[in-house]
Amino acid sequence: MTNPNGQTPAQPTGKRQLRGASPVSSSTYEEKRAPAKQEAKAEENYGGGAAQFPGEVAAEMKKVIWPTGRQMVNYTLIVFAFLILVTVLMWGTDVLAAKLIGWVLIP
């Protein structure tokens, strides 16, 4: 395959060549790693202790979008329907396994 200039393009050997990035040297590696170390230290300073916990919980609970009564009824009916379906499947598997074992073991 040739480009509009009639030359065959060089094939990239990896992702760095596709993006035009330069090879990594030890000095550039350390420069790139330095911000990650600072971010890790910032993450270690989270939380305010046990005294602030109840206030933080209350603040987070205010952010929750609570379902309406109609949505709760729908969700409850869906859960019950699923439980009935799983119960019927398990019961059917149990009955089938009992009949199969009885047919194999009892002459």
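No value in this document is a laboratory result; all are computed from the given coordinates. These figures come from a predicted structure and were not determined experimentally. All Cβ positions, glycine included, derive from the backbone under ideal geometry; neighbour counts span all protein chains shown.
Assorted remarks:
- Where only alpha carbons of the stretch 67-107 are counted, the Rg and the Dmax (Å): 17.7, 59
- Under the simplified labelling scheme, the residue 103-residue 84 pair shows an inter-label distance of 3.0 nm, with each label point 7 Å from Cα along Cα→Cβ.
- Separation in nanometres of the label points that stand 7 Å from Cα toward Cβ, at residue 94 and residue 56: 4.5
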